[in-house]
Every structure is written in structure tokens, then in C-alpha cells.
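Q: Take a look at this one; I'll ask things after.
Since every read-out is calculated from the coordinates, none of them should be taken as a lab result. Remember, it's a predicted structure, so these values are computed and weren't measured experimentally. Cβ placement follows ideal geometry from the backbone for every residue including glycine, while neighbour counts extend to all protein chains displayed.
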Amino acid sequence: MEENLAIDVARLDRDGEEIEGVLDDAVLDLHDDYLRPFAGIRYSLFAQLAGRELIVRGRLEQDFDAVCSRCGTDFDFTAEVPDFLASVATDEKTEIVDLTDEVRQSIILSLPTYPVCRADCRGVCPSCGKNLNKGSCTCRRNDRDDRWGALDALLPGKKD
Ligand SMILES: [Zn+2]
Ligand SMILES: [Zn+2]
């Protein structure tokens, strides 16, 4: 795995170049027990000089071992940046452009604030702690009935 994503501008093909590889995910510098990157940042990019401007675009992917914010289950997901774009001004003395920080920021911006194991994850019962994806519990139904019952009693015109 590579330690940084450096583009050798001095040697870049005039027609642009495909750049692919895997960047060490330690560069993400995430210290989050609920979101742990593994296997590195896969990148598949196209780098080209447009005048003095280095333009790099393409795709980034990073696998994560995550903990669901609703039910607490471990699950894996892949963060994807399908339209990574970096544009860096260069001059005749520029040799290497390091895009590690741009890559890091794009991956981090793509991350969910509250990762969930699946969009319709039902979470855990606040009373008994049961994972409701694995079936409902009896206390949940009672809680809900009681709550609606109390509300009904407060609402006018519901006394028939
Ligand atoms: Zn979940
Ligand atoms: Zn319950």
C-alpha cells in the first residue's frame, strides 16, 4: 500500500494518464471505534494537465468495518466517491503534486453521520434491548399502546 498519492507532474503524459492503486487508509486518520477503515483506499483516476492546471478525476472506494448506530450490530460497507475531482495550479518548477489530503477529505465527506446496517434497520427496543430486526418484543407493543392510550384520553372529541 502506498503512503501517499503523489502525481509526478514532470513526467505526466501530455494526453493524460490513468492512475490506479491502493493508498494506506492510515492517512484517513480516523479514530472512531464505530467506523474502522480496512484494506486501503482504492483509487482509479485520470490525471491530465490543462495548461498549468493539473486536473485529476475519478473514483475512490474505502471499506469500513462499522457499528450500526441504531441496533449496535457490526457490519461492513464501502464508502464510494464516484466523482472525485481535484484541480491544482502548477508552475514550471512543479514536479510532484500530492493529493493525499484531497483524497482523505473526499472520503471523510462521503461518510454517513450515523451509519446504519441497512436503511430500514429497526434498532433496539428501548425497554428490553432486543434487536428488533430479529423480531418484535412484547414490551414494545405494550409501551406503544399505553402511550397512545394516554394521548387519546387527552384529545377532545374522542370520548365515544
Ligand atoms: Zn442496524
Ligand atoms: Zn422490548
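Q: Where does helix 100-110 land angle-wise versus the long Cα axis of the chain, in degrees 0 to 90, nearest 10?
A: For 100-110 against the chain, the angle is about 20 degrees.
Q: By how many degrees, 0 to 90 and rounded to 10, does the Cα axis of helix 138-154 deviate from the longest principal axis of the chain?
A: With rounding to tens, the tilt is 70 degrees.
Q: Could you work out the relative contact order of the chain, using alpha carbon pairs under 8 angstrom and six or more residues apart, expressed as a whole percent?
A: 19
Q: Provide the per-residue ³J(HN,Hα) series for segment 21-35, in order, calculated from phi with Karplus coefficients 6.51, -1.76, 1.60 and θ = phi - 60°, each as a whole number of Hz, with x at glycine and proline positions.
A: So the J values, rounded to whole Hz, are x, 10, 9, 4, 6, 4, 5, 5, 6, 8, 10, 10, 5, 8, 8.
Q: Once amide H atoms are built 1.01 Å from N in the peptide plane, which residues 5 or more positions from GLY21, or in another chain, come under 5 Å H to H?
A: So GLY21 has HN proximity to TYR43.
Q: Evaluate the charge dipole of the chain about its Cα centre and quote only its size in Debye, nearest 20, assuming +1 on the Cβ of each Lys and Arg and -1 on the Cβ of each Asp and Glu. Could the numbers behind the result be given before it?
A: On the way: 20 positive and 33 negative charges, 328 e Å.
In debye, rounded to 20, the chain gives about 1580.
Q: Using the Karplus equation 6.51 cos²θ - 1.76 cosθ + 1.60 (θ = phi - 60°), what ³J(HN,Hα) coupling, rounded to whole Hz, does each residue of segment 124-136 give in order, writing x for Gly and Pro?
A: Coupling constants for segment 124-136: 10, 5, x, 8, 9, x, 5, 6, 6, 6, 9, x, 8 Hz.
Q: How large is ³J(HN,Hα) for each residue in segment 60-73, as worked out from phi by the Karplus curve 6.51 cos²θ - 1.76 cosθ + 1.60 (θ = phi - 60°), to whole Hz, x for Gly and Pro?
A: Per residue, the Karplus-derived 3J(HN,Hα) values read 10, 9, 9, 7, 10, 9, 10, 10, 4, 6, 9, 10, x, 7 Hz.
Q: Here is a follow-up. With point charges of +1 on the Cβ of Lys and Arg and -1 on the Cβ of Asp and Glu, referenced to the Cα centre of the chain, which listed residue (PHE75, VAL9, VAL124) lies farthest in the positive direction of the dipole?
A: The listed residue farthest towards the positive side: VAL124.
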